[in-house]
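Asks: Please see the structure below; I have some questions.
The values are calculated or read from the model by the stated rules, or taken from the named source; none is laboratory data. No experiment lies behind these values; they were computed from the predicted model shown. Ideal geometry is used to build each Cβ from the backbone, glycine not excepted, and the neighbour counts take in all protein chains shown. Ligands, DNA and RNA are stripped out before the accessible areas are found, and what is left, the full protein with its side chains, is counted by its heavy atoms. Shrake-Rupley method; radii C 1.70, N 1.55, O 1.52, S 1.80 Å.
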Amino acid sequence: MVTLSIIKADTGGWVGHSAVHPEQLEEARRHVDKAKADGLLVDGQVTSCGDDLALVMTHGHGVDDPVIHEFAWNVFLATTDVAKRLGLYGAGQDLLSDAFSGNLRGLGPGYAEIEFDERPSEPVICFFADKTEPGAWNLPLYKMFADPFNTAGLVIDKNMHTGFVFEVYDLFENKRLEFTCPEDLYDLLMYIGAPARYVVHGVRSRSLGIPAAATSTQRLSLIAGKYVGKDDPVMIVRCQSGLPAVGEVLEPFTIAHTVAGCMRGSHHAPLMPVAAADATPARFDGPPRVMALGFQVKDGKLGIPRDMLADVSFDRARQTANEVMDYLRRHGPFEPHRLPLDDLEYTTMHELEGRLAERWEPLPGVTPTKPVSAADDAFAPRIGRSVH
């Protein structure tokens, strides 16, 4: 069995929130090279998307392995030290604890991991996004694994015709539910169409019984209890031989769909597919970016990465993203560009509402049915929600 892990964190931005400094990347590569030489990793590479540094690793330790997670944690501590020395912005901002405690769950770094028996040919695409949240993968995953207008294999390939199982997480209540498609398709869409709360964590093939995709589902605000930066998710998708073809996996990113994130994590904006060299959000901390590295895994080795979204066929999607960004930016601090109030709970909006609560007065001639207070505002539906 081979385990493919992507573990990422923002340990300091260069300049502001736009990129990772070359010295941080070099420090991470030094650690990864040593881990390969010591036998901890079969293979490993270092990349970045926006201000997030990502470790792409293969190993034989399985998912949620404490040794692998501690290794990544130590890499992020080392790159945080580099960030502090260089005076980079938000040094170590994704590290929400002073110490490692078994695995990375709840500590801040995001990770997607998938364990599989390597096929004779094992094409895998690793996706990295910046300035958005885990739910940004919901629409692409639906299109890859459940939409026959996107994925012809759902109609043509006998191994895909029976469909896929989607594992969905409720991030507010810390629950999970599996949807078997196509039977549960409409139920699935009811939930994942609300990507701030419900996110696709994994997908597996019904006919082959093998894992097909895995995503990071960590939301920093729910862990920290306040806004500490966007989650900048990652995703792993296996391709071909009874799974969607490479072209079917990439097709959803031609529409530059709208996601939450962008400036201060508080706006809707289009997700722009870009080459790795262009994965550096600038304008209004955006548009949010997605890049994809393709690997032909063999004997656990990653091989040379291929920049999958650099292709000219995504030029129109990039143009669309810029046009949509122009349109949304004209709204300024108004919805739908700005997120709705109940999605701003972990920003300063909540503090502002509390500070102004006592200044609200009943309408003339109307008797309130209950006192006007901070607990009765737009955030009330979330009161009592479990947060971890």
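Asks: Can you find a residue in the range 26-33 that is crowded, with 20+ Cβ neighbours inside 10 Å, touching a residue at least 60 places away in the same chain (Cβ under 8 Å) and closer than 24 Å to Ile125 by Cβ?
Replies: Within the range 26-33, not a single residue is crowded, with 20+ Cβ neighbours inside 10 Å, touching a residue at least 60 places away in the same chain (Cβ under 8 Å) and closer than 24 Å to Ile125 by Cβ.
Asks: Could you list, in sequence order, all residues of the range 35-81 that are open to solvent by 10 Å² or more (accessible area, probe 1.4 Å), among the hydrophobic types (A, V, I, L, M, F, W, C) and assigned to a helix (DSSP H, G or I)?
Replies: Residues satisfying the conditions are Ala37, Val67, Phe71, Leu77, Ala78.
Asks: Given the criterion surrounded by fewer than 23 Cβ atoms within 10 Å (Cβ to Cβ) and in contact with a Cys (Cβ under 6 Å, 6 or more places away or on another chain), identify the matching residue among Gly163, Gly153.
Replies: On inspection, the qualifying residue turns out to be Gly163.
Asks: Let me ask another. Could we say that Met160 is more than 21 Å from Asp231 (Cα to Cα) and touching a residue at least 60 places away in the same chain (Cβ under 8 Å) here?
Replies: yes
Asks: Quick one: would you say Asp326 is outside any loop (DSSP other than H, G, I, E, B) and at pLDDT 95 or above?
Replies: Here the answer is yes, as Asp326 does meet what is asked.
Asks: Is it true that some residue in the range 101-123 is aromatic (Phe, Trp, Tyr) and over 14 Å from Ala9 (Cα atoms)?
Replies: Taking every residue of the range 101-123 in turn, at least one turns out to be aromatic (Phe, Trp, Tyr) and over 14 Å from Ala9 (Cα atoms).
Asks: Identify, from the list Phe116, Phe100, the residue that is over 21 Å from the mean Cα position of the chain (by Cα) and modelled with pLDDT under 95.
Replies: Exactly one of Phe116, Phe100 is over 21 Å from the mean Cα position of the chain (by Cα) and modelled with pLDDT under 95, namely Phe100.
Asks: Could we say that Pro333 is of a type outside the set (Gly, Ala, Ser) and without any contact (Cβ under 8 Å) to a residue 12 or more places away in the chain here?
Replies: Taking the combined requirement at face value, the residue satisfies it.
Asks: So, in the range 259-271, how many residues would count as being more than 14 Å from the chain's Cα centre (by Cα) and part of a strand (DSSP E or B)?
Replies: 4
Asks: Assess whether Phe172 counts as being surrounded by fewer than 21 Cβ atoms within 10 Å (Cβ to Cβ), of a type outside the set (Val, Ile, Thr) and within 17 Å of the chain's Cα centre (by Cα).
Replies: yes
Asks: Here are some residues: Gly209, Gly193. Which one is open to solvent by 40 Å² or more (accessible area, probe 1.4 Å), free of Cβ contacts under 8 Å to residues at least 60 places away in the same chain and under 17 Å from the mean Cα position of the chain (by Cα)?
Replies: One residue alone meets the criteria, Gly193.
Asks: Out of the range 322-341, which residues are open to solvent by less than 70 Å² (accessible area, probe 1.4 Å) and either of a type in the set (Gly, Ala, Ser) or under 21 Å from Pro195 (Cα atoms) (or both)?
Replies: Val324, Met325, Leu328, Gly332, His337, Arg338, Leu339, Pro340, Leu341
Asks: Might you let me know whether the range 297-314 holds any residue that is part of a helix (DSSP H, G or I), under 19 Å from Gln45 (Cα atoms) and in contact with a Phe, Trp or Tyr (Cβ under 7 Å, 6 or more places away or on another chain)?
Replies: yes
Asks: Also: Going residue by residue through the range 275-289, is there one that turns out to be of a type in the set (A, V, I, L, M, F, W, C), open to solvent by 10 Å² or more (accessible area, probe 1.4 Å) and in a helix (DSSP H, G or I)?
Replies: yes
Asks: When you go through (1) without any contact (Cβ under 8 Å) to a residue 24 or more places away in the chain; (2) within 22 Å of Thr215 (Cα to Cα); (3) among the basic types (Lys, Arg) one by one for Lys8, which number turns out not to apply?
Replies: Looking at each condition in turn, Lys8 falls short on (1).
Asks: Scan the range 175-186 residue by residue and report those that are touching a strand residue (DSSP E or B) at 6+ places or on another chain (Cβ under 6 Å) and surrounded by fewer than 16 Cβ atoms within 10 Å (Cβ to Cβ).
Replies: Of everything in the range 175-186, those that are touching a strand residue (DSSP E or B) at 6+ places or on another chain (Cβ under 6 Å) and surrounded by fewer than 16 Cβ atoms within 10 Å (Cβ to Cβ) turn out to be Arg176, Leu177, Glu178, Thr180.
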